[in-house]
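The values are calculated or read from the model by the stated rules, or taken from the named source; none is laboratory data. Bear in mind the structure is a predicted one, so any value in this text is a computation, not a measurement. Cβ sites come from the backbone with ideal geometry, for glycine too, and all protein chains shown count toward neighbours. Heavy atoms of the whole protein, side chains included, go into the accessibility calculation; ligands, DNA and RNA do not. Shrake-Rupley method; radii C 1.70, N 1.55, O 1.52, S 1.80 Å.
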Amino acid sequence: AQTVTQSQPEMSVQEAETVTLSCTYDTSESNYYLFWYKQPPSRQMILVIRQEAYKQQNATENRFSVNFQKAAKSFSLKISDSQLGDTAMYFCAFIGLRAGSYQLTFGKGTKLSVIP
Amino acid sequence: GAGVSQTPSNKVTEKGKYVELRCDPISGHTALYWYRQSLGQGPEFLIYFQGTGAADDSGLPNDRFFAVRPEGSVSTLKIQRTERGDSAVYLCASSLSPGGGTEAFFGQGTRLTVV
């Protein structure tokens, strides 16, 4: 079974600054995807960024980038130039690639507040 | 529709009552998922449909929970004899195909409160 751990229940950052959210996971699978989702008060989960485990290059999407350390099973999210609209819950998630593996496993989330 | 639509947005029901939660996935998406998000937790998997069939219902907590997708589009999550512990946000997601290779799009969820 997979587990995803987010050890920071809450974080805050000044507008325009950079913040890093931590995530560790445990799995016996060698091929998988990792995700960061954003959940604003509207409750809708929005995909922020995705990383394929077999790719060594860290994924980047505009102001969002990840630091993927496969051996350490670590997958942190860096948000640069933080904006007020980044205030939300952030969830780290895992999905394996073996046959029949279709469910996302989520961490408990980190509540990020961007302070003006 | 443009996105995944869930109705109702909020539902308050009395303990012991029956409820139905509806999910309209993105047109053409064959994979549909239900998750439950309790307060202060991440979403937890309930059930996955590929087309009309439930391909994986291993996350359903007990036999009071049931879900259908009769025509391979709209899905209904049904909860019988509701209990206060069923109170949570129920999220639906859909994707073009199953697995992590294609993005899953989520609806805004139904907040169920059992009083």
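How many residues does region B:103-115 contain that are open to solvent by less than 40 Å² (accessible area, probe 1.4 Å) and either more than 15 Å from A:L47 (Cβ to Cβ) or more than 10 Å from chain A (Cβ to nearest Cβ) (or both)? Don't jump to the end; show me each part of the working.
Taking region B:103-115 and keeping what is open to solvent by less than 40 Å² (accessible area, probe 1.4 Å), we get B:104, B:106-107, B:109-110, B:112, B:114.
From the residues that got through so far, the ones that are either more than 15 Å from A:L47 (Cβ to Cβ) or more than 10 Å from chain A (Cβ to nearest Cβ) (or both) too are B:109-110, B:112, B:114.
Counting residues in region B:103-115 that are open to solvent by less than 40 Å² (accessible area, probe 1.4 Å) and either more than 15 Å from A:L47 (Cβ to Cβ) or more than 10 Å from chain A (Cβ to nearest Cβ) (or both) gives 4.
Out of A:L97, A:L84, one residue alone is open to solvent by 60 Å² or more (accessible area, probe 1.4 Å), of a type in the set (A, V, I, L, M) and at pLDDT below 95. It is A:L97. Scanning region B:65-88 for residues that are assigned to a strand (DSSP E or B) and open to solvent by less than 50 Å² (accessible area, probe 1.4 Å) gives B:F65, B:A67, B:V68, B:S75, B:T76, B:L77, B:I79, B:A88. Has region B:75-87 got at least one residue that is of a type in the set (A, V, I, L, M, F, W, C) and within 14 Å of chain A (Cβ to nearest Cβ)? Within region B:75-87, not a single residue is of a type in the set (A, V, I, L, M, F, W, C) and within 14 Å of chain A (Cβ to nearest Cβ).
Yes or no, residue by residue, for (1) β-branched (V, I, T); (2) buried (at least 18 other Cβ atoms within 10 Å of the Cβ); (3) within 13 Å of another protein chain (Cβ to nearest Cβ):
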{"site": "A:T18", "(1), (2), (3)": "yes, no, no"}
{"site": "A:S22", "(1), (2), (3)": "no, no, no"}
{"site": "A:Y33", "(1), (2), (3)": "no, yes, yes"}
{"site": "A:P40", "(1), (2), (3)": "no, no, yes"}
{"site": "A:I49", "(1), (2), (3)": "yes, yes, yes"}
{"site": "A:F68", "(1), (2), (3)": "no, yes, no"}
{"site": "A:L104", "(1), (2), (3)": "no, yes, yes"}
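What number goes with the only condition from (1) farther than 18 Å from B:S38 by Cα; (2) touching a Cys at 6+ places or on another chain (Cβ under 9 Å) that B:A93 does not pass? If we test B:A93 against (1) farther than 18 Å from B:S38 by Cα; (2) touching a Cys at 6+ places or on another chain (Cβ under 9 Å), just (1) comes out false.
Taking region B:38-49 as the range and being more than 8 Å from chain A (Cβ to nearest Cβ) and open to solvent by 20 Å² or more (accessible area, probe 1.4 Å) as the test, the residues that pass are B:S38, B:L39.
If B:K17 meets every condition in (1) farther than 25 Å from A:Y32 by Cβ; (2) in contact (Cβ under 8 Å) with a residue 24 or more places away in the chain; (3) surrounded by 15 or more Cβ atoms within 10 Å (Cβ to Cβ) apart from one, which number is that one? B:K17 satisfies every listed condition except (3). Within region A:70-101, the residues that satisfy the criterion of being farther than 16 Å from A:L47 by Cβ and within 14 Å of another protein chain (Cβ to nearest Cβ) are A:G96, A:L97, A:R98, A:A99, A:G100, A:S101. For region A:106-116, a tally of residues being surrounded by 20 or more Cβ atoms within 10 Å (Cβ to Cβ) and facing chain B (nearest Cβ under 9 Å) returns 3.
No other residue among A:K38, A:K73 is farther than 26 Å from B:Q50 by Cα and of a type in the set (K, R) apart from A:K73. Go through region B:91-102 and give me each residue that's open to solvent by less than 10 Å² (accessible area, probe 1.4 Å), in contact (Cβ under 8 Å) with a residue 40 or more places away in the chain and within 10 Å of another protein chain (Cβ to nearest Cβ). Answer for region B:91-102, where residues must be open to solvent by less than 10 Å² (accessible area, probe 1.4 Å), in contact (Cβ under 8 Å) with a residue 40 or more places away in the chain and within 10 Å of another protein chain (Cβ to nearest Cβ): B:L91, B:A93, B:S95.
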